[in-house]
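Here is the structure we will look at, set down as structure tokens.
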Amino acid sequence: MAENVKMTRKEKIAAGLPKAPKRKKAYAERLKAEKAEVTKVSLRNFRSSARKMRLVVDQIRGMETFHALNVLKFTNKAAAPAVMRLVQAGISSFEEKNEGERVDIGTHYIKEAYVDGARMLKRLRPAPQGRAHLIRKRYCHVTLVIDRIPEFEEEAEA
């Protein structure tokens, strides 16, 4: 019966009980290990609307990294060079994070790619009869996650 007595936080600390349950700690360690495997890069406050940027990002989602770079090179959109630089930054960041490992053709892919809206500058444009129309100058945030292709993870472990 004494085992089921509720204790306050201070009493638990005084008794020397662990602060967090083991499963919570194990879950946190597993998430930390998974984060170490992938590389997340982001482009913040880019001067383009999220809708226009999504057209470019949707093309490369799930692609192998170097194939995505080739697609972006020949994409005729103003946002394509910025996304191309972001993919290159992700590749170099992955190599920096995992020393001794190179990103080669066909070994890594873009696991996640998404675009969010950002701040908006609001300007006024003169309109007829003394009125004014609002102009919204939109910005966006782009986030890419680069990871190993699962087939190559199995070969590396073996």
Subject >> Residue count, segment 31-65 (criterion: surrounded by 13 or more Cβ atoms within 10 Å (Cβ to Cβ) and in contact (Cβ under 8 Å) with a residue 60 or more places away in the chain) >> reply: 16
**OP:** Search segment 110-131 for residues that are among the hydroxyl-bearing types (Ser, Thr, Tyr) and pair each with any residue that is modelled with pLDDT of 95 or more and part of a strand (DSSP E or B) when their beta-carbon atoms are under 6 Å apart and the residues are at least 6 apart or on different chains.
**Re:** Tyr114/Thr143
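Hey, any hits in segment 97-120 for a residue that's assigned to a helix (DSSP H, G or I) and either surrounded by 15 or more Cβ atoms within 10 Å (Cβ to Cβ) or out of contact with any Pro (no Cβ under 7 Å at 6 or more places or on another chain) (or both)?
Filtering segment 97-120 down to residues assigned to a helix (DSSP H, G or I) leaves 97.
If we keep only those that are either surrounded by 15 or more Cβ atoms within 10 Å (Cβ to Cβ) or out of contact with any Pro (no Cβ under 7 Å at 6 or more places or on another chain) (or both) too, we end up with 97.
The answer is yes, given that some residue of segment 97-120 is assigned to a helix (DSSP H, G or I) and either surrounded by 15 or more Cβ atoms within 10 Å (Cβ to Cβ) or out of contact with any Pro (no Cβ under 7 Å at 6 or more places or on another chain) (or both).
Per-residue answers, yes or no, for (1) under 21 Å from Ala113 (Cα atoms); (2) touching a residue at least 12 places away in the same chain (Cβ under 8 Å); (3) assigned to a helix (DSSP H, G or I):
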{"site": "Ala26", "(1), (2), (3)": "no, no, yes"}
{"site": "Glu29", "(1), (2), (3)": "no, no, yes"}
{"site": "Val71", "(1), (2), (3)": "yes, yes, yes"}
{"site": "Pro81", "(1), (2), (3)": "yes, no, yes"}
{"site": "Gln88", "(1), (2), (3)": "yes, yes, yes"}
**OP:** Among the numbered conditions (1) assigned to a loop (DSSP other than H, G, I, E, B); (2) of a type in the set (A, V, I, L, M); (3) surrounded by fewer than 16 Cβ atoms within 10 Å (Cβ to Cβ), tell me where Ile135 comes up short.
**Re:** (1)
Original post:
Considering only residues of segment 33-57 that are assigned to a helix (DSSP H, G or I) and modelled with pLDDT of 85 or more, which is farthest from Arg85 (Cα to Cα)?
Top reply: Arg51
**OP:** Count, please, the residues in segment 82-117 that happen to be over 16 Å from Pro150 (Cα atoms) and β-branched (Val, Ile, Thr).
**Re:** 4
**OP:** With respect to Gly106, determine if the residue is in contact (Cβ under 8 Å) with a residue 24 or more places away in the chain and on the phi > 0 side of the Ramachandran plot.
**Re:** yes
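The values are calculated or read from the model by the stated rules, or taken from the named source; none is laboratory data. The model shown is predicted, which means the values in this text are computed figures rather than measured ones. Cβ sites come from the backbone with ideal geometry, for glycine too, and all protein chains shown count toward neighbours.
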